[in-house]
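Down below is the structure, laid out as structure tokens.
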Amino acid sequence: MRAVVAVNRELVQLYWQVGRDILARQDAVGWGGKVVDRLSADLRRAFPEMTGFSGRNLRYMRAFAAAYPDEAIVQQAVAQIAWGHNVVLLDKLENREDRLWYAAQALEHGWSRNVLVHQIESRLHLRQGRAITNFDATLPSPQSDLARELLKDPYNFGFLGLEATVQERNLERGLLAHLKDFLLELGLGFAFVGSQYPLDVEGSEYRLDLLFYHLRLRCYVVIDLKMGRFEPEFAGKMNFYLAAVDERIRHQDDNASIGLILCKERNRLVVEYALRGMSQPMGVAEYRHTATLPEGLEGALPTVAELENELRTTESVESAEEET
């Protein structure tokens with residue numbers, strides 16, 4: 001593994017140097033776009049055993065060097081992820097700080113390229129660590145910092161494809177049916193324990209919507225799904241659940257269990273007041289389960305009929321060209 005990482009680091013460093021040289025020649029002697037294609041042919045002729053010198057990839061090297069002019073930055077996270085990951089960062093993100101954040105996350109969590117694309121498209125950097133919690137008052141440091149970074153706001157359940165009027169039980173079933181996507185959205189370290197998990201307290205049975213165990217935090221995570229707006233009594237119910245889990249399920253080597261209340265909407269001040277008096281660590285976040293377009297885009301996109309008409313027109317033109 002160390003050898004693979006070392007080779008990858010040297011390859012990325014080489015690509016950065018090539019990109020830097022192209023930029024320098026363009027500035028010094030006015031290289032144009034066609035020169036890159038000629039350079040590609042020359043390099044492939046000179047190094048036939050090496051791949052990666054296509055004209056397209058050379059342009060990515062140039063963009064890579066332009067994005068990270070400081071060589072010290074290149075020697076950090078971006079040199080330790082695969083070149084394909086760096087190409088995704090160049091294609092998907094404009095801001096260097098955002099690229100470095102995703103590079104560090106990809107390195108830490110071992111994301112594949114497809115997972116990296118998914119996390120960027122779901123705007124993870126704007127959601128990570130944004131849930132409202134009482135962890136500072138209920139968990140010791142550094143566990144409180146790690147737990148806070150664990151939770152997002154909002155959670156994106158667009159992969160469910162559910163209607164806006166879905167019921168709580170249907171939402172839970174949908175998350176279980178798409179457990180792989182659900183775990184990906186929750187983040188690294190979550191292990192699924194059960195749904196409608198029974199808790200017996202003095203002859204009365206209570207059921208947890210979803211129960212997970214987090215491998216890094218070494219604790220149980222109770223998730224309560226709510227279809228409507230957050231209400232203060234939800235915090236009291238979660239406080240009870242967590243106390244019961246700690247008493248009846250938690251092992252003596254486990255850390256204190258934490259709770260996550262997922263609501264369709266919430267008022268920040270109401271949540272802060274509700275959590276302030278709770279003794280158990282918990283957080284509140286919103287979720288989205290329908291894939292909605294940003295305001296102003298709905299009318300700008302073509303209808304199904306318009307797309308079908310465009311396809312028919314394209315097919316007719318291609319048929320005519322083939323006949324010619």
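The values are calculated or read from the model by the stated rules, or taken from the named source; none is laboratory data. Computed from a prediction, not measured in an experiment: that's the story for all the values here. Here the Cβ is made from the backbone with ideal geometry for all residues, glycine too, and neighbour counts use every protein chain on show. Just the protein is used for accessible areas: all its heavy atoms, side chains included, with ligands, DNA and RNA removed. Shrake-Rupley method; radii C 1.70, N 1.55, O 1.52, S 1.80 Å.
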- Quantify, in whole percent, the carbon and sulfur part of the accessible surface of the chain (1.4 Å probe; protein heavy atoms only). 50 percent
- Note on the structure: SASA check, Ser144, accessible area w/ 1.4 Å probe, all protein chains in place, rounded to nearest 10 Å², comes out at 10 Å²
- Note on the structure: re the stretch 3-159: pairs of Cα atoms spaced beyond 25 Å account for a percent value of 43 percent
- For Glu202 and Val117, FRET efficiency with R0 = 41 Å and r from the beta-carbon atoms, rounded to 0.05? 0.25
- Tell me, what is the percent relative contact order of the chain, built from C-alpha pairs under 8 Å that lie six or more residues apart? 14 percent
- Task: Leaving ligands, DNA and RNA out of it, work out the accessible area of Arg248 with a 1.4 Å probe and give it in Å² to the nearest 10.
- Result: 130 Å²
- Computed from the mean reciprocal separation of all distinct C-alpha pairs, what Kirkwood hydrodynamic radius does the chain have, in Å? 23.5 Å
- Phi to ³J(HN,Hα) by Karplus 6.51 cos²θ - 1.76 cosθ + 1.60 over the stretch 172-189, Hz, x for Gly, Pro: 4, 4, x, 5, 5, 5, 10, 4, 4, 5, 5, 5, 4, 5, 5, x, 5, x
- Task: Using only protein heavy atoms and a 1.4 Å probe, report how much of Tyr213 is accessible, in Å² to the nearest 10.
- Result: 40 Å²
- What FRET efficiency comes out for the pair Thr51/Arg216, r = Cβ-Cβ distance, R0 = 51 Å, nearest 0.05? 0.85
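Just from its helices, what would the mean residue ellipticity at 222 nm be for the chain, if runs of 4 or more DSSP H residues each count -39500 (n - 2.57) and the sum is divided by every residue, rounded to the nearest 500 deg cm²/dmol?
When only DSSP H runs of four or more count, the value is -16000 deg cm²/dmol.
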- Message: Compute the helix-to-body angle for 83-92: its Cα long axis versus the longest principal axis of the chain, expressed 0 to 90° and rounded to tens.
- Response: 80 degrees
- Compactness check, the stretch 55-144: C-alpha Rg relative to the 2.2 N^0.38 Å globular estimate gives 1.29
- Item | Candidate residues Lys92, Lys152: accessible-area rank, largest first, probe 1.4 Å | Lys92, Lys152
- Quick one: how many lysine pairs does the chain have with C-alpha atoms less than 18 Å apart and a gap of 8 or more or different chains? Give me the count, please. 6
- Message: Can you give the FRET efficiency to the nearest 0.05 for Phe192 and Arg38, using r as the Cβ-Cβ distance and R₀ = 41 Å?
- Response: 0.15
- What per residue convex hull volume, in Å³, do the alpha-carbon atoms of the stretch 153-250 yield? 114 Å³
- Message: Students sometimes get this wrong: rank Ser122, Ser141, Ser54 by accessible area, probe 1.4 Å, all chains present, largest first.
- Response: Ser141, Ser54, Ser122
- Query: Reported to two decimal places, what Rg/Rh ratio describes the stretch 1-58 when computed on Cα atoms with Rh from the Kirkwood expression?
  - Reply: 1.04
- If you rank Glu286, Glu265, Glu247 by how much accessible surface each has, with a 1.4 Å probe, what is the order from largest down? Glu247, Glu265, Glu286
- Fully extended contour minus Cα-Cα distance, from Leu11 to Asp91, at 0.36 nm per residue: 26.9 nm
- Counting only heavy atoms of protein chains, what accessible area per residue, in Å², does the chain have with a probe of 1.4 Å? 56 Å²
